[in-house]
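A.B. asks: Before I ask anything, let me first share the structure, which is written out below as structure tokens.
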Amino acid sequence: SSISPPFSPINFIHEDPFEPRLRSDSENSSITREQEHEEFARRQVSRPSCVTLEVNLRRMSLCQGQITGGSVLGEVHLEMAKYHENGRFAPKEGRSLLLEDSVDWDSAIFHLEKAAVCGVLEAIVALARMFLQLPHDVLEGAHVEDTEDNMNRGVDYMRMAAVAGDRSAMIYLANAYHTGVGLGTEREIDWVEAARWYSQAINQSGEDEEGCYDATMEDPAYLLIAKQAGIYREGGHGLERDPERAAELYNDAAEQAMAAMKGRLASKYFAFAEECWAEME
């Protein structure tokens, strides 16, 4: 099957998009209706509803620095996954009772994975949290085995979400590289990576790559800055000890804590900054 493509320069590689449209027989009596239909069919550029094609188009988007968004097919797969979750494809008896056992979770996860491959950020985040055994908003009733392979897959998806601008994914990676908890077996504690992801989360503007607002403020910036300051103060796991940088970060954390009306916490951070300055003497 095929669907008509959205407006895109890709569609016009082999033809002129500004060529005058074909006149109807009411406008040009020299063309019959059959000829008009044949010419119209010849001009159509169909786009296969194929995930492989979407992946190839996604690779083209990667060259422009974007890994998510813009896939109609991906959104269709996401909606199919949600339809399965809501029991739209369940047997009538199961559908009427909304029995969780009547949902075809394997098919739901299949569609969610296809949506993720097509670059749908909501699907990527959902799979990351699902494979990491974390609460997830999409397919809440779906579960996967808690294995090393699944954890590693979850971290892979989490990294994809972080690169696409999801703040919660950035914070997850920062904490995982900092402590080693939830990092899987294919990666090791790396404080250089931890510092990088803390910085990314701190500087996140509030919108992800798809332009959606990320209101995740369970980890306010001053807490993340303080964590980043702590690893610079201690050093290790590939990160060079830098008390001067730590002092600057503690000061920043203190100022942001003051702005958030967290006076006691701000005083604590100011004291840490003074200790870091003293360590330089």
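The values are calculated or read from the model by the stated rules, or taken from the named source; none is laboratory data. Owing to the predicted nature of the structure, the values given are computational and were not obtained by experimental measurement. Don't worry about glycine lacking a Cβ; one is built from the backbone with ideal geometry, like all the others, and counts go over all protein chains shown. What goes into the accessible areas is simple: the full protein's heavy atoms, side chains included, and nothing from ligands, DNA or RNA. Shrake-Rupley method; radii C 1.70, N 1.55, O 1.52, S 1.80 Å.
A.B. asks: Rounded to whole Hz and in sequence order, give me ³J(HN,Hα) for segment 138-144 from the Karplus expression 6.51 cos²θ - 1.76 cosθ + 1.60, θ = phi - 60°, writing x for Gly and Pro.
C.D. replies: Each residue of segment 138-144 in turn: 8, 6, 4, x, 8, 9, 10 Hz.
A.B. asks: Which of rounded, prolate, oblate describes segment 238-281, given a ≥ b ≥ c as roots of the alpha-carbon gyration tensor eigenvalues and a/c under 1.5 marking rounded, otherwise prolate only if a/b is larger than b/c? Before the final figure, lay out each step's value.
C.D. replies: On the way: a/c = 3.30, a/b = 1.93, b/c = 1.71.
Here segment 238-281 falls in the prolate category.
A.B. asks: With the crude spin-label approximation of a point 7 Å out along Cα→Cβ, what separation in nm comes out for residue 104 versus residue 255?
C.D. replies: Each label point lies 7 Å from its Cα, and together they span 5.8 nm.
A.B. asks: Rounded, prolate or oblate: which fits segment 126-176, taking a ≥ b ≥ c as square roots of the Cα gyration tensor eigenvalues, rounded meaning a/c under 1.5, else prolate when a/b beats b/c?
C.D. replies: Oblate, since a/c reaches 1.5 and b/c is not below a/b.
A.B. asks: So, one more: Residue-wise, which Karplus ³J(HN,Hα) couplings in Hz belong to segment 187-203, taking 6.51 cos²θ - 1.76 cosθ + 1.60, θ = phi - 60°, and x for glycine or proline?
C.D. replies: Computed from phi, the couplings for segment 187-203 are 10, 10, 4, 8, 6, 5, 5, 4, 4, 5, 6, 4, 4, 4, 5, 5, 8 Hz.
A.B. asks: Moving to a separate point now. Which percent of the accessible heavy-atom area of segment 234-280 goes to carbon and sulfur, probe 1.4 angstrom? Present the calculation step by step, with values, prior to reporting the outcome.
C.D. replies: Numbers: 1450 of 2950 Å².
Accessible surface attributable to carbon and sulfur in segment 234-280 totals 49 percent.
A.B. asks: Please identify which residues in segment 166-190 have an amide N closer than 19 Å to a label point set 7 Å out from the Cα of residue 137, following the Cα→Cβ vector.
C.D. replies: Output list for this probe position: 166-173.
A.B. asks: Which shape class applies to segment 121-253: rounded if a/c is under 1.5, otherwise prolate when a/b exceeds b/c and oblate if not, where a ≥ b ≥ c are the square roots of the Cα gyration tensor eigenvalues? Walk me through the numbers on the way to the answer.
C.D. replies: Values: a/c = 2.61, a/b = 1.48, b/c = 1.76.
It is oblate, given that a/c is not under 1.5 and a/b is not larger than b/c.
A.B. asks: Using θ = phi - 60° and the Karplus relation 6.51 cos²θ - 1.76 cosθ + 1.60, list the HN-Hα couplings for segment 156-173 in order, rounded to whole Hz, with x at every Gly or Pro.
C.D. replies: Result, ordered by residue: 4, 5, 5, 5, 4, 5, 5, 4, 7, x, 7, 5, 5, 5, 4, 5, 4, 5 Hz.
A.B. asks: Please list, in chain and number order, the residues 5+ apart from residue 239 or on another chain whose amide H is under 5 Å from its amide H, with Hs placed from the backbone.
C.D. replies: HN-HN under 5 Å from residue 239: 191, 192.
A.B. asks: What does the charge count near residue 242 come to, summing +1 for each Lys or Arg and -1 for each Asp or Glu among other residues with Cβ under 11 Å from its Cβ? Show your work: numbers first, answer last.
C.D. replies: Working: positive: 233, 241, 245; negative: 234, 240, 244, 248, 279.
With Lys, Arg at +1 and Asp, Glu at -1, the neighbours total -2.
A.B. asks: Between residue 245 and residue 188, what FRET efficiency comes out of the Förster formula 1/(1 + (r/R0)^6) with R0 = 22 Å and r the beta carbon distance, rounded to 0.05?
C.D. replies: Working: r = 23 Å, r/R0 = 1.04.
Here the calculated transfer efficiency is 0.45.
A.B. asks: Does a label point 7 Å from the Cα of residue 146, set along Cα-to-beta-carbon, have any residues of segment 157-188 with amide nitrogen under 13 Å, and which are they?
C.D. replies: Those under the cut-off are 182.
A.B. asks: Ranked from highest to lowest mean number of other Cβ atoms within 10 Å per residue, what is the order of the peptides 115-124, 183-192, 145-154, 248-257?
C.D. replies: On the way: 115-124: 25.2, 183-192: 16.0, 145-154: 14.4, 248-257: 22.7.
Per-residue mean Cβ counts within 10 Å order the peptides as 115-124, 248-257, 183-192, 145-154.
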